[in-house]
1. Please work out the FRET efficiency for the pair S118 and H65, using the Cβ-Cβ distance as r and a Förster radius of 41 Å; give the result to the nearest 0.05.
2. Only counting other Cβ atoms within 10 Å, I'd like V117, V35 sorted with the fewest neighbours first.
3. For a footprinting-style exposure proxy, rank S14, S53, S118 by other Cβ within 10 Å, fewest first.
4. Which net charge results for the neighbourhood of H84, defined as the other residues with beta-carbon distances under 12 angstrom from its beta-carbon, given Lys and Arg at +1 and Asp and Glu at -1?
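Throughout, read-outs are computed from the coordinates displayed, never taken from laboratory work. Keep in mind that this is a model prediction, so the values were computed, not measured. Positions of Cβ are generated from backbone atoms using ideal geometry, with glycine treated the same way; all protein chains shown enter the neighbour counts.
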Amino acid sequence: MMSAQSSLPATPSSTTDFDVQDLNGITLHGTTHTVENIDYFNAVAVTVQHNRSVLHRLIVDRTHHLFFGYDLEAFLAEGSSRVHVHFAHLSTLDSIEGIPLFLYKPAAMAVPHDQDVSIGSTLETPIGLEQADNKFFHDQLTFALRHP
C-alpha cells in the first residue's frame with residue numbers, strides 16, 4: 001500500500017498537493033483548496049485488491065469534529081486517450097495515518113458522478129460540507145499516463 005498525507009491548519013486560500021504514481025497505470029496530481037478558519041487533516045491512501053488500485057481520499061475537519069471524503073478509481077478508457085474516473089463513497093476506515101476516526105462523526109457528502117476526462121486535463125471535484133457553515137473544500141485532479 002502506498003500513501004501520502006499532510007496535516008496543517010488551514011489559512012485563507014490554503015492549498016495542499018498530493019501525488020499518486022500508479023493508479024491502474026495512471027498518475028494523479030491533486031491540489032486541495034480549503035476554506036478559511038478550519039483546522040483539518042488531509043490524507044490520501046491507495047489500496048490494491050484484485051490487481052486494481054483504489055485511492056481513498058479523506059479530510060478530517062478537526063474544527064467541526066467531522067470526517068468525509070471519497071474513493072476513486074481511474075483507468076484508461078478502452079480504445080481511447082481518455083481516463084475513466086469512477087467515484088464511490090469513502091470505504092469504511094477505522095483509522096488513517098494514525099488518526100482514530102471513531103473520534104469524529106462521518107459527514108454526509110454527495111459523491112461526484114463518474115466522468116471520462118482527457119489525459120492531462122484537470123477535473124474539479126467539490127467536497128461539500130453543509131454542516132460546516134455551507135463551506136466547501138475542493139480537489140483539482142490532473143491525470144497523466146504513467147511512464148515506466
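1. Values: r = 39 Å, r/R0 = 0.95.
E(calc), rounded to 0.05, equals 0.60.
2. On the way: V117 17, V35 20.
Going from least to most buried by this count: V117, V35.
3. Working: S14 17, S53 20, S118 12.
Final ranking by Cβ density, sparse to dense: S118, S14, S53.
4. On the way: positive: R82; negative: E73, E78, D114, D116.
With Lys, Arg at +1 and Asp, Glu at -1, the neighbours total -3.
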